[in-house]
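The values are calculated or read from the model by the stated rules, or taken from the named source; none is laboratory data. In this text the structure is predicted, and so the values were computed from the model without any measurement. In this analysis, Cβ positions are derived from the backbone assuming ideal geometry, glycine residues included, and neighbour counts consider all displayed protein chains.
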Amino acid sequence: MTTSAHEPEELAEIRRAVRALCDGFPGEYWRAKDASREYPAEFVDALTRAGFLAALIPVEHGGSGLSLAAACIIMEEIQASGCNGSSAHAQMYIMNTLLRYGSPEQKAAYLPRIASGELRLQAFGVSEPTSGTDTLSLKTRAVRAKDTGGDHYIISGQKIWTSRAEYSDLMLLLARTTPREEAASKTEGLSIFLVDMQAALGNGMTVKPIRTMMNHSSCEVFFDDLRIPASALVGEEGKGFRYILSGMNAERILIAAECIGDAKWFIEKATGYAKDRSVFARPIGQNQGVQFPIARCYAQMRAAELMVHHAARVYDEGGNPGEEANMAKLLASEASWAAADMCVQTFGGFGFAEEYDVERKFREARLYTVAPISTNLILSYLAEHVLGLPRSY
Ligand SMILES: Cc1cc2nc3c(=O)[nH]c(=O)nc-3n(C[C@H](O)[C@H](O)[C@H](O)COP(=O)(O)OP(=O)(O)OC[C@H]3O[C@@H](n4cnc5c(N)ncnc54)[C@H](O)[C@@H]3O)c2cc1C
């Protein structure tokens, strides 16, 4: 599939290396994992051993210190190869918070071990059952323990949709440290913690998997007076919401890159099938009714891809790509979903047969107009923060 017209050689090299690794994980592998809702541990291990999941960790902490643009190529190519990066993508996008706001001690303690694969940083605990998209209403509390002179926090509450919670050693957790009515402003009073999940499991933290439309390892996580050391606090107490927001640009750009990869996979699959499948004694792709939707999806994907590249460039140059990251996520998730739908239509009945992987990728691609942020909320951001329209909520 044609990629960016002028991809620099160092990015093209990363793309080839990711593709070579992914070739070892064909459709059969993903189908089996999907059927048993099993975590693709072998795939994640291979990505870790190859250093791809440490792309954003600085060299001095054992990573490869690559740009976000390079990290995007990794995530895009995983999806374009038919694999599923959702098993590991959080390690890329959570990293930003630890890198920007973690203390030197936290970075020294965790980053080299994450880079080597000894520790997995895969769980991100933000969403809660009652607050939904309204993150500032979250109810999970972190209270300084009085009995140890404030050396600990006691966590109580519940998270939902914490993906990969069963397969992560560390969780980045957002919890309220100051009651909303006592906080200096509505965005203050939330704090970020780096929770040692292995120590927490069974000692105040329980994890319950949720069976979903696709194999995503999402869970409910319950905190019942979990005691964590005060040294788990990331940055300053009360500033957690700001930290999370600043990390969201990287997250949105990386997810958008995954969507571009998915769109490429669907377009390539549909194109191949439309050439091979013969009905009425000619390839179905000879009919404009079949080829035009493929061509339209291709154009839509390429336009979204430009926005992803632009957003990554603004990020890598140290700018604030709030507008670009949101638009990249919006356009890329819509492009991948349009391509998914088109691919099923092109395959006709075979689009529903598991052996072609189209139905699996279709289910997986559906997520991204909803999570990690829904299309409506992106439109609200653009309307309010870019166009200056009144806040709608
Ligand atoms: C498979 C999966 C994995 C996930 N992984 C994680 C994870 O690892 N960590 C984590 O913290 N979360 C995770 N999430 C949660 C995800 O981020 C949320 O589902 C998503 O942000 C939407 O929130 P919600 O489900 O609470 O929807 P709600 O907030 O209940 O919204 C429902 C619908 O209403 C719309 N809506 C709500 N308010 C408005 C408004 N003011 N204006 C217009 N429309 C509005 C939304 O756009 C949405 O379409 C995951 C979710 C899924 C399904």
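Of all residue pairs spaced 6 or more apart or on separate chains, those with beta-carbon atoms under 7 Å, a first member in the stretch 125-142 that is near the ligand (Cβ under 7 Å from one of its atoms) and a second member that is at pLDDT 95 or above and part of a loop (DSSP other than H, G, I, E, B) are Gly125/Thr162; Ser127/Ile160; Ser127/Trp161; Thr133/Ser374.
Anything in the stretch 88-107 that is among the hydroxyl-bearing types (Ser, Thr, Tyr) and either assigned by TED's automatic domain parsing to the domain that holds Arg164 or within 12 Å of the ligand (Cβ to nearest atom) (or both)? List them, or say none. Scanning the stretch 88-107 gives a single hit, Tyr93.
Answer with yes or no whether Tyr110 is within 16 Å of the ligand (Cβ to nearest atom) and in a helix (DSSP H, G or I). Before the answer, list the steps.
Working: within 16 Å of the ligand (Cβ to nearest atom): no; in a helix (DSSP H, G or I): yes.
No, not satisfied.
Taking the stretch 119-168 as the range and being under 18 Å from Arg180 (Cβ atoms) and in contact with a Pro (Cβ under 7 Å, 6 or more places away or on another chain) as the test, only Gln158 passes. Selection of the stretch 285-295 for residues being more than 13 Å from Met342 (Cβ to Cβ) and in a helix (DSSP H, G or I) yields Gln286, Gln288. When the stretch 365-393 is limited to residues that are part of a helix (DSSP H, G or I) and free of Cβ contacts under 8 Å to residues at least 24 places away in the same chain, the one that is farthest from Asn320 (Cα to Cα) turns out to be Asn376.
Specify which of the listed residues (Lys139, Lys107) is out of contact with any Asp or Glu (no Cβ under 8 Å at 6 or more places or on another chain), modelled with pLDDT of 95 or more and either of a type in the set (D, E, K, R) or within 30 Å of Cys343 (Cα to Cα) (or both).
Details: Lys139 fails: out of contact with any Asp or Glu (no Cβ under 8 Å at 6 or more places or on another chain).
Going through Lys139, Lys107 in turn, the sole match is Lys107.
The strands (runs of 3 or more DSSP E) found entirely in the stretch 143-256 that carry 3 or more residues being surrounded by 20 or more Cβ atoms within 10 Å (Cβ to Cβ) are 152-159, 170-176, 190-196, 219-229.
Quick one: would you say Ala145 is modelled with pLDDT of 95 or more, of a type in the set (A, V, I, L, M) and at negative phi? Break it down stepwise before answering.
Values: modelled with pLDDT of 95 or more: no; of a type in the set (A, V, I, L, M): yes; at negative phi: yes.
Answer is no for this residue.
Counting the residues of the stretch 25-71 that are farther than 21 Å from Glu251 by Cβ, outside any helix (DSSP H, G or I), small (Gly, Ala, Ser) and touching an Asp or Glu at 6+ places or on another chain (Cβ under 9 Å) gives 0.
Per-residue answers, yes or no, for (1) assigned by TED's automatic domain parsing to the domain that holds Asp34; (2) touching a helix residue (DSSP H, G or I) at 6+ places or on another chain (Cβ under 6 Å); (3) within 14 Å of the ligand (Cβ to nearest atom); (4) acidic (Asp, Glu):
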site	(1), (2), (3), (4)
Leu201	no, no, no, no
Asn215	no, yes, yes, no
Asp224	no, no, no, yes
Ile228	no, no, no, no
Ser231	no, no, no, no
Val234	no, yes, no, no
Glu237	no, no, no, yes
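Considered as a group, the residues in the stretch 349-383 that are among the charged types (D, E, K, R) and more than 17 Å from Ala263 (Cα to Cα) include one that is surrounded by the most Cβ atoms within 10 Å (Cβ to Cβ), and that residue is Glu354. Every condition in (1) without any contact (Cβ under 8 Å) to a residue 40 or more places away in the chain; (2) within 16 Å of the ligand (Cβ to nearest atom); (3) part of a strand (DSSP E or B) is met by Gln122 except one, and the failing one is (1).
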